[in-house]
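Contents: one structure, followed by commentary.
The values are calculated or read from the model by the stated rules, or taken from the named source; none is laboratory data. Just so you know, these numbers come straight off a predicted model, no measurement behind them. Cβ placement follows ideal geometry from the backbone for every residue including glycine, while neighbour counts extend to all protein chains displayed. When the accessible area is computed, the model is the full protein with side chains, heavy atoms only, and any ligands, DNA or RNA have been set aside. Shrake-Rupley method; radii C 1.70, N 1.55, O 1.52, S 1.80 Å.
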Amino acid sequence: MTTEHEPLVLGIETSCDETGVGIVRGQTLLADTVASSVDEHARFGGVVPEVASRAHLEAMVPTIERACAQAGVRLQEVDAVAVTAGPGLAGALLVGVAAAKALAVGLGRPIYGVNHLAAHVAVDVVEHGPLPEPTMGLLVSGGHSNLLLVPDVTCDIRSLGATIDDAAGEAFDKVARLLGLPFPGGPHIDRAAREGNQVAIDFPRGLTSGRDMDRHRFDYSFSGLKTAVARWVKAREDSGEPVPVADVAASFQEAVVDVLTRKAVLACREHGVDDLLIGGGVAANSRLRAMAQERCDAAGVRLRVPRPGLCTDNGAMVAALGAEMVQKGREASRLDLPADSSQPVWQVSA
Ligand code: KG4
Ligand code: ZN
(Lines give C-alpha, C1' and ligand atoms only; values in the text may rest on other atoms or scores of the structure.)
(Ligands and ions follow the chains in the order given, each with its own letter.)
Protein backbone atom coordinates (compact mmCIF):
# COMPACT_ATOMS: atom_id res chain seq x y z
CA MET A 1 0.00 0.00 0.00
CA THR A 2 1.39 3.39 -0.87
CA THR A 3 -0.01 6.67 0.23
CA GLU A 4 0.23 9.90 -1.66
CA HIS A 5 2.02 11.74 1.15
CA GLU A 6 4.98 9.34 1.10
CA PRO A 7 7.83 10.79 -0.96
CA LEU A 8 8.07 9.74 -4.62
CA VAL A 9 11.78 9.39 -5.39
CA LEU A 10 13.48 8.64 -8.70
CA GLY A 11 16.93 7.05 -8.39
CA ILE A 12 19.69 6.88 -10.99
CA GLU A 13 22.59 4.41 -10.90
CA THR A 14 25.51 4.51 -13.36
CA SER A 15 28.58 3.53 -11.31
CA CYS A 16 29.61 0.58 -13.49
CA ASP A 17 28.02 -1.05 -16.54
CA GLU A 18 24.34 -0.91 -15.59
CA THR A 19 22.19 2.14 -16.36
CA GLY A 20 19.56 1.77 -13.65
CA VAL A 21 16.53 3.95 -12.99
CA GLY A 22 14.19 3.10 -10.14
CA ILE A 23 11.14 4.79 -8.68
CA VAL A 24 10.10 4.30 -5.06
CA ARG A 25 7.25 5.76 -3.05
CA GLY A 26 8.13 5.55 0.64
CA GLN A 27 9.28 1.95 0.92
CA THR A 28 7.31 0.66 -2.04
CA LEU A 29 9.03 -0.13 -5.32
CA LEU A 30 7.08 1.21 -8.30
CA ALA A 31 9.64 0.75 -11.10
CA ASP A 32 13.05 -0.80 -11.62
CA THR A 33 14.46 -0.49 -15.13
CA VAL A 34 17.99 -1.47 -16.08
CA ALA A 35 19.88 -1.24 -19.37
CA SER A 36 23.13 -3.19 -19.20
CA SER A 37 26.18 -2.85 -21.45
CA VAL A 38 27.63 -6.14 -20.16
CA ASP A 39 27.48 -7.74 -23.63
CA GLU A 40 29.68 -4.98 -25.04
CA HIS A 41 32.37 -5.78 -22.45
CA ALA A 42 32.24 -9.58 -22.71
CA ARG A 43 34.85 -9.88 -25.44
CA PHE A 44 37.31 -7.84 -23.31
CA GLY A 45 36.78 -10.09 -20.28
CA GLY A 46 36.00 -7.10 -18.03
CA VAL A 47 34.25 -3.72 -17.99
CA VAL A 48 35.84 -1.08 -20.27
CA PRO A 49 35.17 2.33 -18.64
CA GLU A 50 34.84 4.38 -21.84
CA VAL A 51 32.47 1.87 -23.38
CA ALA A 52 30.37 1.93 -20.20
CA SER A 53 30.19 5.77 -20.14
CA ARG A 54 29.03 5.97 -23.75
CA ALA A 55 26.42 3.27 -23.15
CA HIS A 56 25.07 5.19 -20.11
CA LEU A 57 24.71 8.32 -22.23
CA GLU A 58 22.71 6.47 -24.87
CA ALA A 59 20.56 4.55 -22.40
CA MET A 60 19.80 7.34 -19.90
CA VAL A 61 16.74 9.06 -21.37
CA PRO A 62 15.00 5.88 -22.63
CA THR A 63 15.60 4.19 -19.26
CA ILE A 64 14.08 7.14 -17.37
CA GLU A 65 11.08 7.08 -19.72
CA ARG A 66 10.62 3.34 -19.24
CA ALA A 67 10.77 3.74 -15.46
CA CYS A 68 8.07 6.43 -15.46
CA ALA A 69 5.87 4.31 -17.73
CA GLN A 70 6.37 1.25 -15.51
CA ALA A 71 5.53 3.22 -12.36
CA GLY A 72 2.61 4.99 -14.01
CA VAL A 73 3.89 8.39 -12.88
CA ARG A 74 4.83 11.59 -14.69
CA LEU A 75 8.26 13.11 -14.07
CA GLN A 76 6.55 16.24 -12.68
CA GLU A 77 5.18 14.17 -9.79
CA VAL A 78 8.65 13.19 -8.52
CA ASP A 79 9.42 14.76 -5.11
CA ALA A 80 13.21 14.20 -5.14
CA VAL A 81 15.95 12.84 -7.37
CA ALA A 82 18.62 10.51 -5.97
CA VAL A 83 21.80 9.48 -7.76
CA THR A 84 24.88 7.40 -7.09
CA ALA A 85 27.67 9.93 -6.49
CA GLY A 86 30.32 7.25 -5.84
CA PRO A 87 32.25 5.04 -5.57
CA GLY A 88 32.55 3.70 -9.11
CA LEU A 89 34.01 4.46 -12.53
CA ALA A 90 34.56 8.23 -12.77
CA GLY A 91 33.24 8.74 -16.30
CA ALA A 92 30.28 6.46 -15.74
CA LEU A 93 29.30 8.22 -12.49
CA LEU A 94 29.49 11.60 -14.22
CA VAL A 95 26.79 10.66 -16.72
CA GLY A 96 24.35 9.75 -13.93
CA VAL A 97 25.18 12.77 -11.78
CA ALA A 98 24.79 15.14 -14.75
CA ALA A 99 21.45 13.59 -15.67
CA ALA A 100 20.21 13.82 -12.07
CA LYS A 101 21.23 17.47 -11.81
CA ALA A 102 19.43 18.27 -15.05
CA LEU A 103 16.28 16.58 -13.74
CA ALA A 104 16.51 18.27 -10.34
CA VAL A 105 16.92 21.72 -11.90
CA GLY A 106 14.27 21.10 -14.55
CA LEU A 107 11.73 19.85 -12.01
CA GLY A 108 12.73 22.22 -9.23
CA ARG A 109 13.23 19.34 -6.79
CA PRO A 110 16.03 18.47 -4.32
CA ILE A 111 18.86 16.14 -5.32
CA TYR A 112 20.42 13.49 -3.06
CA GLY A 113 23.88 12.27 -4.13
CA VAL A 114 24.27 8.93 -2.36
CA ASN A 115 26.84 6.24 -1.72
CA HIS A 116 26.56 3.16 -3.93
CA LEU A 117 27.45 0.75 -1.11
CA ALA A 118 24.86 2.24 1.24
CA ALA A 119 22.29 1.89 -1.55
CA HIS A 120 23.09 -1.84 -1.87
CA VAL A 121 22.06 -2.16 1.79
CA ALA A 122 19.07 0.20 1.67
CA VAL A 123 17.41 -1.59 -1.26
CA ASP A 124 16.21 -4.39 0.98
CA VAL A 125 13.58 -2.12 2.56
CA VAL A 126 11.49 -2.45 -0.60
CA GLU A 127 11.56 -6.23 -0.33
CA HIS A 128 11.75 -7.12 3.37
CA GLY A 129 10.62 -3.91 5.09
CA PRO A 130 12.41 -1.50 7.44
CA LEU A 131 16.06 -2.27 8.20
CA PRO A 132 16.85 -3.34 11.76
CA GLU A 133 19.25 -0.89 13.37
CA PRO A 134 21.98 -1.97 13.42
CA THR A 135 22.23 -4.33 10.43
CA MET A 136 25.41 -6.10 9.28
CA GLY A 137 25.96 -5.76 5.52
CA LEU A 138 28.05 -8.14 3.43
CA LEU A 139 28.47 -6.67 -0.05
CA VAL A 140 29.97 -8.95 -2.64
CA SER A 141 30.12 -8.06 -6.32
CA GLY A 142 32.53 -7.65 -9.22
CA GLY A 143 33.68 -4.36 -7.74
CA HIS A 144 33.40 -4.78 -3.99
CA SER A 145 33.71 -7.13 -1.01
CA ASN A 146 32.82 -5.20 2.13
CA LEU A 147 31.70 -5.99 5.61
CA LEU A 148 29.71 -3.05 6.95
CA LEU A 149 28.25 -2.28 10.34
CA VAL A 150 25.15 -0.19 9.61
CA PRO A 151 23.58 1.56 12.63
CA ASP A 152 21.62 3.88 10.28
CA VAL A 153 21.79 3.47 6.50
CA THR A 154 21.02 7.18 5.93
CA CYS A 155 23.90 8.57 7.98
CA ASP A 156 26.02 6.04 9.87
CA ILE A 157 27.89 3.24 8.11
CA ARG A 158 31.12 1.81 9.46
CA SER A 159 33.53 -0.32 7.48
CA LEU A 160 34.69 -3.36 9.42
CA GLY A 161 36.67 -4.81 6.54
CA ALA A 162 37.08 -5.11 2.79
CA THR A 163 39.08 -7.02 0.27
CA ILE A 164 42.76 -6.16 0.22
CA ASP A 165 43.09 -7.29 -3.42
CA ASP A 166 40.44 -8.77 -5.74
CA ALA A 167 36.70 -8.45 -5.15
CA ALA A 168 34.83 -11.73 -4.69
CA GLY A 169 33.04 -11.46 -8.06
CA GLU A 170 36.32 -10.57 -9.74
CA ALA A 171 37.79 -13.83 -8.39
CA PHE A 172 34.81 -15.74 -9.81
CA ASP A 173 35.31 -14.03 -13.18
CA LYS A 174 39.07 -14.71 -13.29
CA VAL A 175 38.75 -18.36 -12.28
CA ALA A 176 35.96 -18.84 -14.83
CA ARG A 177 38.28 -17.51 -17.51
CA LEU A 178 41.00 -19.98 -16.41
CA LEU A 179 38.46 -22.76 -16.81
CA GLY A 180 37.35 -21.57 -20.25
CA LEU A 181 33.92 -20.40 -19.02
CA PRO A 182 32.30 -17.18 -20.40
CA PHE A 183 32.25 -13.70 -18.77
CA PRO A 184 30.81 -12.83 -16.32
CA GLY A 185 31.91 -16.10 -14.80
CA GLY A 186 30.03 -16.25 -11.48
CA PRO A 187 26.83 -17.87 -12.75
CA HIS A 188 28.84 -20.37 -14.86
CA ILE A 189 30.98 -21.43 -11.90
CA ASP A 190 27.82 -21.70 -9.79
CA ARG A 191 26.25 -24.01 -12.39
CA ALA A 192 29.40 -26.09 -13.01
CA ALA A 193 29.94 -26.50 -9.26
CA ARG A 194 26.60 -28.27 -8.85
CA GLU A 195 28.08 -31.28 -10.67
CA GLY A 196 31.37 -31.13 -8.76
CA ASN A 197 32.84 -32.17 -5.43
CA GLN A 198 33.47 -29.21 -3.12
CA VAL A 199 36.07 -31.07 -1.06
CA ALA A 200 37.97 -32.47 -4.08
CA ILE A 201 40.71 -29.84 -3.80
CA ASP A 202 41.72 -28.07 -0.60
CA PHE A 203 42.17 -24.48 -1.83
CA PRO A 204 43.46 -21.81 0.60
CA ARG A 205 41.15 -19.68 2.76
CA GLY A 206 42.70 -16.19 2.58
CA LEU A 207 43.31 -14.15 5.76
CA THR A 208 41.98 -16.79 8.15
CA SER A 209 45.19 -17.88 9.90
CA GLY A 210 45.76 -16.81 13.51
CA ARG A 211 48.08 -13.94 12.66
CA ASP A 212 45.94 -12.73 9.77
CA MET A 213 42.87 -12.79 12.01
CA ASP A 214 44.67 -10.38 14.34
CA ARG A 215 45.59 -7.91 11.61
CA HIS A 216 42.81 -8.46 9.06
CA ARG A 217 39.97 -9.80 11.18
CA PHE A 218 37.18 -8.74 8.80
CA ASP A 219 39.19 -8.23 5.62
CA TYR A 220 39.16 -10.55 2.64
CA SER A 221 41.77 -11.62 0.10
CA PHE A 222 41.05 -13.65 -3.01
CA SER A 223 44.11 -13.16 -5.17
CA GLY A 224 46.11 -15.97 -3.45
CA LEU A 225 43.17 -18.31 -4.02
CA LYS A 226 42.98 -17.35 -7.70
CA THR A 227 46.74 -18.04 -8.06
CA ALA A 228 46.36 -21.40 -6.30
CA VAL A 229 43.62 -22.38 -8.75
CA ALA A 230 45.76 -21.25 -11.72
CA ARG A 231 48.72 -23.31 -10.48
CA TRP A 232 46.58 -26.37 -9.87
CA VAL A 233 45.01 -26.17 -13.34
CA LYS A 234 48.40 -25.64 -15.02
CA ALA A 235 49.94 -28.62 -13.23
CA ARG A 236 47.07 -30.75 -14.52
CA GLU A 237 47.46 -29.46 -18.05
CA ASP A 238 51.27 -29.93 -17.97
CA SER A 239 50.85 -33.54 -16.93
CA GLY A 240 48.48 -34.09 -19.86
CA GLU A 241 45.53 -34.95 -17.62
CA PRO A 242 42.07 -33.45 -18.26
CA VAL A 243 41.04 -30.61 -15.93
CA PRO A 244 38.02 -31.63 -13.81
CA VAL A 245 36.17 -28.33 -14.32
CA ALA A 246 33.24 -29.14 -12.04
CA ASP A 247 35.49 -30.17 -9.13
CA VAL A 248 37.72 -27.11 -9.51
CA ALA A 249 34.65 -24.84 -9.70
CA ALA A 250 33.05 -26.46 -6.63
CA SER A 251 36.24 -26.42 -4.55
CA PHE A 252 37.05 -22.82 -5.49
CA GLN A 253 33.48 -21.68 -4.76
CA GLU A 254 33.56 -23.47 -1.41
CA ALA A 255 36.74 -21.61 -0.42
CA VAL A 256 35.25 -18.20 -1.29
CA VAL A 257 31.90 -18.86 0.36
CA ASP A 258 33.46 -20.38 3.47
CA VAL A 259 35.54 -17.26 4.18
CA LEU A 260 32.76 -14.79 3.28
CA THR A 261 30.20 -16.39 5.58
CA ARG A 262 32.61 -17.26 8.38
CA LYS A 263 33.76 -13.65 8.78
CA ALA A 264 30.28 -12.18 8.31
CA VAL A 265 28.79 -14.33 11.06
CA LEU A 266 31.79 -13.67 13.32
CA ALA A 267 31.28 -9.93 12.79
CA CYS A 268 27.60 -10.27 13.78
CA ARG A 269 28.54 -12.18 16.91
CA GLU A 270 31.38 -9.88 17.99
CA HIS A 271 29.36 -6.71 17.37
CA GLY A 272 26.14 -8.05 18.86
CA VAL A 273 24.20 -7.68 15.59
CA ASP A 274 21.24 -10.00 14.98
CA ASP A 275 20.60 -9.29 11.30
CA LEU A 276 22.87 -9.98 8.32
CA LEU A 277 22.06 -8.61 4.87
CA ILE A 278 23.93 -9.91 1.82
CA GLY A 279 23.95 -7.85 -1.39
CA GLY A 280 25.85 -7.46 -4.65
CA GLY A 281 25.90 -9.74 -7.70
CA VAL A 282 27.65 -12.62 -5.89
CA ALA A 283 24.69 -12.81 -3.49
CA ALA A 284 22.96 -14.67 -6.34
CA ASN A 285 25.36 -17.57 -5.71
CA SER A 286 23.42 -20.63 -4.62
CA ARG A 287 26.14 -22.02 -2.37
CA LEU A 288 26.67 -18.64 -0.67
CA ARG A 289 22.95 -18.40 0.08
CA ALA A 290 22.81 -21.95 1.43
CA MET A 291 25.91 -21.72 3.61
CA ALA A 292 24.98 -18.26 4.90
CA GLN A 293 21.55 -19.60 5.90
CA GLU A 294 23.08 -22.61 7.69
CA ARG A 295 25.62 -20.54 9.59
CA CYS A 296 23.16 -17.78 10.46
CA ASP A 297 20.68 -20.35 11.77
CA ALA A 298 23.42 -21.91 13.91
CA ALA A 299 24.44 -18.50 15.29
CA GLY A 300 20.89 -17.18 15.85
CA VAL A 301 21.31 -14.47 13.21
CA ARG A 302 18.47 -13.50 10.86
CA LEU A 303 19.50 -13.49 7.20
CA ARG A 304 18.14 -11.05 4.59
CA VAL A 305 19.05 -11.42 0.92
CA PRO A 306 17.19 -9.28 -1.61
CA ARG A 307 16.06 -11.07 -4.77
CA PRO A 308 18.86 -11.33 -7.40
CA GLY A 309 17.60 -8.43 -9.53
CA LEU A 310 17.90 -6.11 -6.53
CA CYS A 311 21.35 -7.50 -5.55
CA THR A 312 23.03 -6.54 -8.81
CA ASP A 313 23.42 -2.85 -9.60
CA ASN A 314 20.08 -1.15 -10.20
CA GLY A 315 18.27 2.17 -9.85
CA ALA A 316 15.77 0.95 -7.28
CA MET A 317 18.50 0.78 -4.64
CA VAL A 318 19.35 4.44 -5.17
CA ALA A 319 15.69 5.46 -5.10
CA ALA A 320 15.19 3.37 -1.93
CA LEU A 321 18.06 5.10 -0.14
CA GLY A 322 16.90 8.50 -1.40
CA ALA A 323 13.41 7.85 -0.04
CA GLU A 324 14.83 6.81 3.35
CA MET A 325 16.83 10.05 3.44
CA VAL A 326 13.79 12.18 2.61
CA GLN A 327 11.70 10.39 5.24
CA LYS A 328 14.37 10.79 7.91
CA GLY A 329 14.73 14.48 7.08
CA ARG A 330 18.35 14.27 5.93
CA GLU A 331 19.75 17.29 4.18
CA ALA A 332 19.72 17.30 0.36
CA SER A 333 22.98 17.67 -1.59
CA ARG A 334 24.16 20.87 -3.20
CA LEU A 335 23.59 21.23 -6.91
CA ASP A 336 27.34 21.28 -7.53
CA LEU A 337 27.82 17.88 -5.88
CA PRO A 338 30.75 16.04 -7.43
CA ALA A 339 30.95 12.48 -8.68
CA ASP A 340 33.55 10.85 -6.43
CA SER A 341 35.01 7.64 -7.84
CA SER A 342 36.61 6.73 -4.50
CA GLN A 343 33.86 7.97 -2.14
CA PRO A 344 34.52 6.34 1.23
CA VAL A 345 31.80 4.08 2.57
CA TRP A 346 31.16 6.13 5.72
CA GLN A 347 30.21 9.11 3.54
CA VAL A 348 26.62 8.10 2.90
CA SER A 349 25.65 11.24 1.00
CA ALA A 350 27.61 13.73 -1.07
O1 KG4 B 1 26.68 -6.40 -8.53
P2 KG4 B 1 27.13 -6.79 -9.89
O3 KG4 B 1 26.09 -7.05 -10.95
O4 KG4 B 1 28.05 -5.71 -10.52
C5 KG4 B 1 29.14 -5.14 -9.87
O6 KG4 B 1 30.22 -5.73 -10.00
O7 KG4 B 1 28.95 -4.12 -9.18
O8 KG4 B 1 28.04 -8.08 -9.71
C9 KG4 B 1 28.60 -8.75 -10.81
C10 KG4 B 1 29.46 -9.88 -10.27
C11 KG4 B 1 30.25 -10.57 -11.37
O12 KG4 B 1 31.59 -10.70 -10.93
C13 KG4 B 1 29.57 -11.93 -11.48
O14 KG4 B 1 30.45 -12.96 -11.89
C15 KG4 B 1 29.08 -12.14 -10.07
O16 KG4 B 1 28.63 -10.87 -9.66
N17 KG4 B 1 27.99 -13.11 -10.00
C18 KG4 B 1 28.08 -14.31 -9.37
C19 KG4 B 1 26.86 -14.99 -9.59
N20 KG4 B 1 26.06 -14.18 -10.33
C21 KG4 B 1 26.76 -13.03 -10.57
N22 KG4 B 1 29.09 -14.84 -8.67
C23 KG4 B 1 28.90 -16.07 -8.16
N24 KG4 B 1 27.77 -16.79 -8.34
C25 KG4 B 1 26.73 -16.30 -9.03
N26 KG4 B 1 25.62 -17.03 -9.19
ZN1 ZN C 1 27.41 -2.53 -6.85
- Note on the structure: By the DSSP-based rule, helices of the chain that are at least 15 Å long along the axis (C-alpha) and have a mean Kyte score of at least 0.0 are 49-71, 90-107, 168-178, 245-271, 316-327
- Query: How would Lys174, Lys101 line up by accessible area, probe 1.4 Å, largest first?
  - Reply: Lys174, Lys101
- Item | Per-residue SASA entry for Thr33, accessible area with 1.4 Å probe, Å² rounded to 10 | 0 Å²
- Message: For a distance above 30 Å, tell me the whole-number percent of Cα pairs in region 135-306 that qualify.
- Response: 16 percent
- Measuring from its Cα centre, region 27-152 shows a charge dipole (+1 at each Lys and Arg Cβ, -1 at each Asp and Glu Cβ) which, in debye to the nearest 20, is 320 debye
- Query: Who wins for biggest fluctuation among Glu13, Glu324, Glu270 in a Gaussian network model of the chain, springs between alpha carbons below 10 Å?
  - Reply: Glu270
- Message: Among the listed pairs Lys101/Lys328; Lys226/Lys263; Lys101/Lys174, which have their C-alpha atoms separated by more than 30 angstrom in this model?
- Response: Lys101/Lys174
- Item | Accessible surface ranking that places the most exposed of Lys328, Lys234 first, with a 1.4 angstrom probe | Lys234, Lys328
- Over region 135-306, calculate the relative contact order: mean separation of alpha carbon pairs under 8 Å at least 6 apart, over the residue count, as a percent. 28 percent
- The answer for Ala350, listing residues at least 5 apart or on another chain whose modeled amide H is closer than 5 Å to its amide H, is Gly113, Val114
- Any idea of Thr312's accessible area? Nearest 10 Å², probe 1.4 Å. 60 Å²
- Note on the structure: For His128, the accessible surface traced by a 1.4 Å probe with all protein chains present amounts, in square angstrom to the nearest 10, to 90 Å²
- Item | Solvent-accessible area, 1.4 Å probe, carbon plus sulfur percent, for the chain | 51 percent
- Note on the structure: With all protein chains present and a 1.4 Å probe, the order of Phe222, Phe44 from largest accessible area down is Phe44, Phe222
- On full extension of the chain, what length is gained from Arg215 through Val51, given 0.36 nm per residue of separation minus the C-alpha to C-alpha distance? 55.2 nm
- Message: Could you work out how much longer the chain between Arg262 and Val243 gets when fully extended? Use 0.36 nm per residue separation minus the Cα distance between them, nm to one decimal.
- Response: 3.9 nm
- Task: Calculate the dipole size of region 135-306 relative to its Cα centre from +1 charges on Lys and Arg beta carbons and -1 charges on Asp and Glu beta carbons; express the result in debye to the nearest 20.
- Result: 20 debye
- Query: Using alpha-carbon pairs under 8 Å, 6+ residues apart, how would you state the relative contact order of region 270-341 in percent?
  - Reply: 33 percent
- Taking the chain on its own, what percent of its Cα-Cα pair distances exceed 33 Å? 27 percent
- Hull surface divided by four, with the convex hull built on the Cα atoms of region 42-130: how many nm²? 7.1 nm²
- Item | Inter-label distance, nm, simple model (7 Å from Cα along the C-beta direction), Arg334/Glu127 | 3.7 nm
